[in-house]
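No value in this document is a laboratory result; all are computed from the given coordinates. Since the model is a prediction, treat every value here as computed from it, not as a measurement. Backbone-built Cβ (ideal geometry, glycine too); neighbour counts: all protein chains shown.
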């Protein structure tokens, strides 16, 4: 089971999604897509979080 900081709860469908299982897309707005990614629920497609990935 992933650590709590490695999961996000989808407010739309109620799924608990591990970061590794989330679909990733480019962020909205002026955020640099090389440094930031939006995590989306794999079940319903709703946005879960925007996360910094610049160190990856």
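List the relative contact order of the chain as a percent without decimals, with contacts defined as Cα pairs under 8 Å and 6+ residues apart.
Relative contact order comes out at 29 percent.
Mind checking the alpha-carbon convex hull of the range 4-52 and giving the volume per residue in Å³?
Roughly 69 Å³ of hull volume per residue.
Given a Förster radius of 22 Å and the C-beta distance between residue 50 and residue 21 as r, what FRET efficiency does 1/(1 + (r/R0)^6) yield to the nearest 0.05?
E(calc), rounded to 0.05, equals 0.85.
What is the fewest-to-most order of 31, 48 by other Cβ atoms lying within 10 Å of their Cβ?
Least to most surrounded, the residues fall as 31, 48.
Going 7 Å from the Cα of residue 13 in the Cα-to-Cβ direction, what parts of the range 29-53 have a backbone nitrogen less than 16 Å from that spot?
The answer is 39-49, whose backbone nitrogens lie closer than 16 Å to the label point.
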